[in-house]
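Okay, so here's the structure we're looking at.
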Amino acid sequence: MNKVSFISLILGFALLATACKSGINSKTKVTSATTDNLLDARYKMLLEYPVDSMSMPRSMTIKSDLIKKVPSRDWTSGFFAGNLWQLYRLTGNKKYKEQAEKWTPFSKKESVNSNSHDVGFKVFCSFGEALKVENKQEYKDVIIKGAETLCTRFNAQVGSLRSWDFNKDVWDFPVIIDNMMNLELLFEASKLSGNQKYHDIAVKHANTTLKNQFRADNSCYHVIDYDPNTGAVRKKTTLQGYNDDSVWARGQGWAVYGFTMCYRYTKDPAYLKQAEATAQFFMNNKNLPEDGIPYWDFKDPSIPNSPRDASAAAVMASGLYELYSYTKNKSYLAFADKIIASLSSDKYVLSPNVKAPFILDHSTGNWPKHDEIDEPIIYADYYFLEALLRKSKY
Ligand code: GLY
């Protein structure tokens, strides 16, 4: 062996040893030992967060050291359990599984809560992740029950599931682009139960969204309000974007991820076409920063002095890994890798000095309400971990 090969071998062993010590599998290593150590320090903090059914961690105001905790009815409540399940799959460390088993049951009662479309996020991001690890009938039962509950929100005249029940004086039947994400619960429940109804409702919802939610440039509106009696579109509007005609970044991520996921279950090429077109809009946008992490809205006039949204980037990266698996378009893989490299750097990974059960900083929750701006938010971590798991296949 020559000197160069010998040194490479020693360096290789040293990197492997650091990765193993940090608990990260060699297949799910990100870019370097430094990055993996940075992430591993954050992962371990999830184990230290005290188990409490009323205190699902949602976000954090770092300046005041305040963790926002929510009960199971909050739309974000399933993500923490989901993060622990995904960390178990990433690292193989049983402690994450033990902790995930304690948190997951807290979301069970949401499978019968029909107050919003978010039953999909709450049930599938917790019990759906549990099912990927353990093939238990009780997990399947909760998922099927959740799907049944979500279907109570379907209006055949509109051809959609109703997203929200609030703002009744403004909207008659609001459907938001985020709702695409909840269709995974229906598709999966249909497979688990053999009940075609769940699949058919998911397809109807996706088709209605495809017809009405996109602009000519393939960006999407946040909210479409329908007439529940005729199914006519009343208004194309927003709640979380800059204005009705702006392009809310996370919404574009939900659309790309959502239609790619619908293609997984249906093989309908129209879904793949829309996912690709909206991905192109995102990837080629003149207001997208070089590191691939978008400002919270592509049309915020304050850009470049506007907050970023790491969660939008994480959703996009995870969606793009799946989109690549169907299209083999390497630009999706390269773009997802770029996002993951940026999010794994010390610019976006939360400082090790912050003692909190979060991984990433710099997400923006609800800019118009001045709520959760440029903060760690739980769902950014969820889609980041999912993206890492998907990345490990390539
Ligand atoms: N589903 C709500 C959000 O994306 O903020």
Listed residues 264, 250; which is among the charged types (D, E, K, R) and open to solvent by less than 10 Å² (accessible area, probe 1.4 Å)? 250
Of the residues that sit in region 67-92 and are away from the ligand (no atom under 16 Å from the Cβ), free of Cβ contacts under 8 Å to residues at least 40 places away in the same chain and outside any helix (DSSP H, G or I), which one is most open to solvent (accessible area, probe 1.4 Å)? 69
Can you name every residue in region 213-229 that is over 11 Å from residue 176 (Cα atoms) and open to solvent by 10 Å² or more (accessible area, probe 1.4 Å)? 214, 215, 216, 217, 218, 227, 228, 229
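For region 132-156, give me each residue that is open to solvent by less than 70 Å² (accessible area, probe 1.4 Å) and of a type in the set (S, T, N, Q).
Here is the first cut: in region 132-156, the ones open to solvent by less than 70 Å² (accessible area, probe 1.4 Å) are 133-134, 139-140, 142-144, 146-147, 149-151, 153-155.
Answer for region 132-156, where residues must be open to solvent by less than 70 Å² (accessible area, probe 1.4 Å) and of a type in the set (S, T, N, Q): 149, 155.
Based on what the data block shows, is residue 64 under 22 Å from residue 309 (Cβ atoms), over 21 Å from the mean Cα position of the chain (by Cα) and surrounded by fewer than 21 Cβ atoms within 10 Å (Cβ to Cβ)? Talk me through it step by step, then tell me what you get.
Working: under 22 Å from residue 309 (Cβ atoms): yes; over 21 Å from the mean Cα position of the chain (by Cα): yes; surrounded by fewer than 21 Cβ atoms within 10 Å (Cβ to Cβ): yes.
Yes; evaluated as a whole, the condition is true for this residue.
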Given the criteria away from the ligand (no atom under 16 Å from the Cβ), at pLDDT 95 or above, more than 27 Å from residue 198 (Cβ to Cβ) and not in a helix (DSSP H, G or I), does residue 95 qualify? no
Scanning region 157-196 for residues that are assigned to a helix (DSSP H, G or I), open to solvent by less than 20 Å² (accessible area, probe 1.4 Å) and more than 16 Å from the ligand (Cβ to nearest atom) gives 186, 187, 189, 190
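Table: residues versus (1) in contact with a strand residue (DSSP E or B) (Cβ under 9 Å, 6 or more places away or on another chain); (2) not β-branched (Val, Ile, Thr).
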site: 154; (1), (2): yes, yes
site: 169; (1), (2): no, yes
site: 177; (1), (2): yes, no
site: 187; (1), (2): no, yes
site: 193; (1), (2): no, yes
site: 203; (1), (2): no, no
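The values are calculated or read from the model by the stated rules, or taken from the named source; none is laboratory data. The structure presented is a predicted model; accordingly, all values stated were derived computationally and were not measured. No Cβ is skipped: glycine too gets one built from the backbone with ideal geometry, and neighbour counts run over all protein chains shown. Surface accessibility is based on the protein's heavy atoms, side chains included, excluding ligands, DNA and RNA. Shrake-Rupley method; radii C 1.70, N 1.55, O 1.52, S 1.80 Å.
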